1. Rounded to whole Hz and in sequence order, give me ³J(HN,Hα) for region 41-53 from the Karplus expression 6.51 cos²θ - 1.76 cosθ + 1.60, θ = phi - 60°, writing x for Gly and Pro.
2. Can you give me the relative contact order of region 7-61 as a percent, contacts being Cα pairs under 8 Å and 6 or more apart?
3. Using the Kirkwood formula over every pair of different C-alpha atoms, what hydrodynamic radius in Å results for region 7-61?
4. Taking 0.36 nm per intervening residue step and subtracting the Cα-Cα distance, what contour gain separates residue 46 from residue 33 on full extension?
Amino acid sequence: DADKEGFLRSETALIQTVGRAARNVEGRVVMYADHMTGSMERAIGETNRRRIIQLEYNKQHGITPQSIQKDIREAIRANISAEPEEAYDIEKKIADKMEKGNKDYFIQQLKEQMKEAAIKLDFEKAAQLRDKIRLLEEDKPFRIK
């Protein structure tokens, strides 16, 4: 459906989709379409332009592209609190002190941390912070890790 113009098929959205696939050395993008749209042409052109720049950079610096090799269990283990009681105590302290003004301040602090994580391309942390912000805004309990 790449030939359907609209929000999810804009030049920017297509470039983001292609970029996600490019993070894997074996990543490929297949755009199904009956005809080539302007958004597709521009996205493909931009992707090719960026590829040329990246290949030149890699050649100049002797870099061989590799996909990240991260043990899934290590990633999961890093997100599990070793001491659940400690996390609960922290939550309780926050909940006990959280008046309307403090809650708004805490949400603002989390939003700033979320933006910083996104700037550092730590999207997993940014998503976790986003979820905590939503829970706080809805007055629902959550775990702090």
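1. Result, rounded to whole Hz: 4, 5, 5, 5, x, 5, 4, 5, 4, 5, 4, 4, 4.
2. 41 percent
3. Kirkwood hydrodynamic radius for region 7-61: 12.1 Å.
4. 2.8 nm
Read-outs: derived from the displayed coordinates by stated rules, not from any lab. Predicted model only: the values in this text are computed from it and were never measured.
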